[in-house]
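What follows is a set of notes on a single structure, which appears directly below.
The values are calculated or read from the model by the stated rules, or taken from the named source; none is laboratory data. Quick caveat, the model's predicted, so the values are computed rather than measured. Here Cβ is always computed from backbone atoms with ideal geometry, including for glycine, and neighbour counts include all displayed protein chains.
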Amino acid sequence: MKNLLPLIIIIAISFTACKETDSQINAVTNEKMRVELKAQYPTLEVAYIGIAVKDFKDVTITLGDKELFAETDAKKEAIVKNIANMTYTMYEANNYLDKGKIIFTPIEDRLHNSEDPVKEYDMHLDELVKANKD
């Protein structure tokens, strides 16, 4: 029995360390994120907001808003940092967050295409995950 105890402990830890990923939870969280983004950035009220979580680890947020697109890089970096923290808080429980990016575009009525202007920023989600585990 003493020989089985370490094995039982390892199995118990592995079961408690696994997350139950669920795409329905992400769909609900996406809507909560849209509401929060509109509350913090009022110009997004009439803008395009796209949120995609790929394989329960990579998050892409697209903000189609002329005013946010026109902001300085420094201002956009501050926005990205804020949204990255929101993303971590809202999505970490249901996902294995790894990569994240925010795409700013002036196209407000649809998802941008390859010919549209965009500015892409890394959310550094891997760093947030690591910092919050320490």
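Against the list (1) modelled with pLDDT of 95 or more; (2) within 13 Å of the chain's Cα centre (by Cα); (3) not in a loop (DSSP other than H, G, I, E, B), the condition V129 fails is (1). Tell me, yes or no, whether the stretch 97-119 has at least one residue that is outside any loop (DSSP other than H, G, I, E, B) and without any contact (Cβ under 8 Å) to a residue 12 or more places away in the chain. The answer is no; no qualifying residue exists. Here's a check for you: in the stretch 117-134, which residue that is among the charged types (D, E, K, R) and in contact with a strand residue (DSSP E or B) (Cβ under 6 Å, 6 or more places away or on another chain) is surrounded by the most Cβ atoms within 10 Å (Cβ to Cβ)? Filtering the stretch 117-134 for residues that are among the charged types (D, E, K, R) and in contact with a strand residue (DSSP E or B) (Cβ under 6 Å, 6 or more places away or on another chain), the one surrounded by the most Cβ atoms within 10 Å (Cβ to Cβ) comes out as K119. The set of residues in the stretch 58-96 that are assigned to a loop (DSSP other than H, G, I, E, B), surrounded by 13 or more Cβ atoms within 10 Å (Cβ to Cβ) and not aromatic (F, W, Y) comprises D65, E71, N95.
How many of the residues making up the stretch 106-120 are among the hydroxyl-bearing types (S, T, Y) and within 12 Å of K76 (Cβ to Cβ)? Residues flagged as among the hydroxyl-bearing types (S, T, Y) and within 12 Å of K76 (Cβ to Cβ) within the stretch 106-120 amount to 0.
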